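Reviewing the structure listed below.
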Amino acid sequence: MSRQSKLARRARTWLLPSILCIAPIAAVAGLEMHVEGDLVVDEKIGVGITSPYYPIDVFNNASTGTQTVRFWNAGGANQRLEMQSNSGDAYVQITAGNAWSLGTDNSDSDKFEICDNVGVGSNVCLVIQTDGKVGIGTTAPEELLTIGTNEALALEGDTEWSPTLPNKYAAFFVQQGEMYVADQYENDTQLSSHADPREIDPGAVTAFSDPAVELPFSFRHSNGFIGKGAVVDMAAVVSDLEGITAKKYTYVYDLPPDVTTSYGQWQKEQQRHLEKRSLERILSESPEIETTLADALEQVEIEKPVQTVERVTKYRIDYENAQVVQEETDVVVTQMVGTGEHKTQLKPGYRFDEDTGKVYRPRTAEDVHLDPIAPPELPQWIVDRLPAE
């Protein structure tokens with residue numbers, strides 16, 4: 001029996017002194033170490049891998065469950081995970097098909113970035129400067145929030161809501177698809193100018209009911225303290241003013257065809273959006289569906305890590321001669337290779353509930369039956385003025 005096998009059998013747990021320095025040694029299967037004090041490792045630490053590529057390399061080949069690295073403090077002290085680089089970027093990369101990175105871009109004034117990329121500095125989705133300014137779609141925000149994109153900033157809201165704001169606060173909000181602004185004094189003012197006064201007084205004669213007015217508009221506001229709201233028919237006001245002064249104040253023009261909207265196409269797009277939102281809500285509220293054990297099981301080939309040595313090109317700085325030096329070096333690459341043997345396991349995403357003995361799988365769109373959703377209608381004053389299609 002080898003010395004390593006004896007160590008593994010006789011001493012699965014080592015209690016080590018206060019400071020321990022470990023030079024490269026061969027792997028000892030089943031060995032556990034308990035260190036009291038400092039642990040100093042000359043090279044790399046591998047967990048689940050015999051030839052670590054990085055200073056700390058954790059490898060797992062599990063197909064189910066959640067793999068977790070935990071830092072746990074049972075007392076009341078704070079916990080901190082720190083990454084620091086004196087002259088390079090410091091970031092966290094998350095890859096599950098697509099790679100996302102978030103961290104500090106040292107080459108761009110140490111801005112904090114979230115990037116759709118391997119590493120920071122490119123494909124930047126969000127940036128926070130050291131002065132606190134935030135940018136979306138831009139890497140150089142000039143205001144507290146700068147949105148530098150060709151797309152619109154959309155707010156969504158389909159319920160009744162009226163904010164109560166603290167001192168010196170104001171807010172934009174959407175209610176039933178219409179844009180409002182609110183202030184600390186309970187004033188809500190509608191910014192989208194299509195409130196038909198006939199919503200308040202169905203018998204009113206307004207510019208919205210007059211086909212001769214090509215594009216009516218109004219002003220709408222309310223106050224929570226007073227408990228009143230008002231709609232002002234601004235198009236009628238302007239029309240009356242033009243009649244009194246014999247001056248023209250409203251100039252209507254035709255939009256170019258590429259920015260006009262088809263009513264039928266708009267209804268289809270709105271219907272698709274409503275169906276998508278309804279499906280997302282159902283899947284969010286009930287993400288799993290019960291299934292049979294036979295459906296949940298699959299046969300997969302057992303894989304084992306195989307290490308190969310590859311020749312790669314690396315570069316280093318020769319500080320003495322102030323030049324970049326190219327070197328060829330060998331690196332150990334670990335790949336999972338099939339063994340020809342198979343095992344039975346739960347399919348990815350499937351779950352066995354030990355409390356009920358039931359098996360569940362992710363609910364998909366095919367599992368959901370959606371009742372037909374009627375397409376939304378435009379306000380009648382807009383329908384009355386639609387061009388023929």
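The values are calculated or read from the model by the stated rules, or taken from the named source; none is laboratory data. Only a predicted model underlies this, so the values are computations on that prediction, with no experimental measurement involved. Virtual Cβ from ideal backbone geometry, glycine too; neighbours counted across all protein chains shown.
Restricting attention to the stretch 251-268, does a residue exist that is polar (S, T, N, Q) and over 24 Å from Glu389 (Cα atoms)?
Start the filter on the stretch 251-268 by keeping residues that are polar (S, T, N, Q), which leaves 260-262, 265, 267.
Add one more test, that the residue is over 24 Å from Glu389 (Cα atoms), and what stays is none.
No, the stretch 251-268 contains no residue that is polar (S, T, N, Q) and over 24 Å from Glu389 (Cα atoms).
Got at least one residue in the stretch 199-211 being part of a helix (DSSP H, G or I) and among the aliphatic types (A, V, I, L, M)?
Step one: of the stretch 199-211, the residues part of a helix (DSSP H, G or I) are 199, 207-209.
With among the aliphatic types (A, V, I, L, M) added as a condition, the list becomes 207.
Checked against the condition, which is being part of a helix (DSSP H, G or I) and among the aliphatic types (A, V, I, L, M), the stretch 199-211 yields at least one hit.
Scan (1) free of Cβ contacts under 8 Å to residues at least 60 places away in the same chain; (2) touching a Gly at 6+ places or on another chain (Cβ under 6 Å) for the single condition Asp233 breaks and write down its number.
(2)
Looking only at strands (runs of 3 or more DSSP E) that lie completely in the stretch 67-168, which have at least 2 residues being hydroxyl-bearing (Ser, Thr, Tyr), under 28 Å from Val47 (Cβ atoms) and at pLDDT 90 or above?
Working: elements: 90-96, 98-105, 111-115, 124-128, 134-136, 145-147.
In the stretch 67-168, 98-105 are the strands (runs of 3 or more DSSP E) which contain 2 or more residues that are hydroxyl-bearing (Ser, Thr, Tyr), under 28 Å from Val47 (Cβ atoms) and at pLDDT 90 or above.
Considering only the stretch 165-197, state which residues are touching a residue at least 24 places away in the same chain (Cβ under 8 Å) and not small (Gly, Ala, Ser). Full working, then the answer.
First pass over the stretch 165-197, keeping only residues touching a residue at least 24 places away in the same chain (Cβ under 8 Å): 179, 185-190, 193-197.
Hits for the stretch 165-197 are Met179, Tyr185, Glu186, Asn187, Asp188, Thr189, Gln190, His194, Asp196, Pro197.
Just one of Glu178, Glu186 is surrounded by 15 or more Cβ atoms within 10 Å (Cβ to Cβ), modelled with pLDDT under 85 and closer than 24 Å to Leu378 by Cβ; which is it? Outline the logic, then answer.
Details: Glu186 fails: closer than 24 Å to Leu378 by Cβ.
Glu178 is the lone residue from the list that is surrounded by 15 or more Cβ atoms within 10 Å (Cβ to Cβ), modelled with pLDDT under 85 and closer than 24 Å to Leu378 by Cβ.
Restricting to the stretch 44-60, name every residue that is surrounded by 11 or more Cβ atoms within 10 Å (Cβ to Cβ), assigned to a loop (DSSP other than H, G, I, E, B) and either free of Cβ contacts under 8 Å to residues at least 12 places away in the same chain or not β-branched (Val, Ile, Thr) (or both). Before you say what the answer is, go through the steps one by one.
Going through the stretch 44-60, the residues surrounded by 11 or more Cβ atoms within 10 Å (Cβ to Cβ) turn out to be 44-53, 56-59.
From what is left, the residues that are assigned to a loop (DSSP other than H, G, I, E, B) are 44, 48-53, 59.
Once the filter is applied, which keeps residues that are surrounded by 11 or more Cβ atoms within 10 Å (Cβ to Cβ), assigned to a loop (DSSP other than H, G, I, E, B) and either free of Cβ contacts under 8 Å to residues at least 12 places away in the same chain or not β-branched (Val, Ile, Thr) (or both), the stretch 44-60 yields Lys44, Gly48, Ser51, Pro52, Tyr53, Phe59.
Residue check, Gln271 against (1) assigned to a strand (DSSP E or B); (2) out of contact with any His (no Cβ under 8 Å at 6 or more places or on another chain); (3) touching a residue at least 12 places away in the same chain (Cβ under 8 Å), all met but one. Which one?
(1)
Taking interchain pairs and intrachain pairs at least six residues apart, which have beta carbon atoms under 9 angstrom, with the first residue in the stretch 87-103 and farther than 19 Å from Ile128 by Cα and the second surrounded by fewer than 15 Cβ atoms within 10 Å (Cβ to Cβ) and at pLDDT below 85?
Pairs that qualify, where the first residue is farther than 19 Å from Ile128 by Cα and the partner is surrounded by fewer than 15 Cβ atoms within 10 Å (Cβ to Cβ) and at pLDDT below 85: there are none.
Test Glu285 against the stated conditions and say whether it is loosely packed, with under 11 Cβ neighbours inside 10 Å, closer than 30 Å to Gly357 by Cα and over 37 Å from the mean Cα position of the chain (by Cα). First the steps, then the outcome.
Details: loosely packed, with under 11 Cβ neighbours inside 10 Å: yes; closer than 30 Å to Gly357 by Cα: yes; over 37 Å from the mean Cα position of the chain (by Cα): no.
So Glu285 does not fit the description; no.
Looking for something surrounded by 12 or more Cβ atoms within 10 Å (Cβ to Cβ), at pLDDT 90 or above and among the hydrophobic types (A, V, I, L, M, F, W, C) - is there at least one such residue anywhere in the stretch 340-354?
yes
Can Glu290 be described as within 30 Å of Gly357 (Cα to Cα) and at pLDDT below 90?
Numbers: within 30 Å of Gly357 (Cα to Cα): yes; at pLDDT below 90: no.
Against the criterion (within 30 Å of Gly357 (Cα to Cα) and at pLDDT below 90), Glu290 does not qualify.
Just one of (1) more than 30 Å from Ala62 (Cα to Cα); (2) assigned to a strand (DSSP E or B); (3) β-branched (Val, Ile, Thr); (4) under 34 Å from the mean Cα position of the chain (by Cα) trips up Thr261, so point out which.
Tallying (1) more than 30 Å from Ala62 (Cα to Cα); (2) assigned to a strand (DSSP E or B); (3) β-branched (Val, Ile, Thr); (4) under 34 Å from the mean Cα position of the chain (by Cα), Thr261 fails exactly one: (2).
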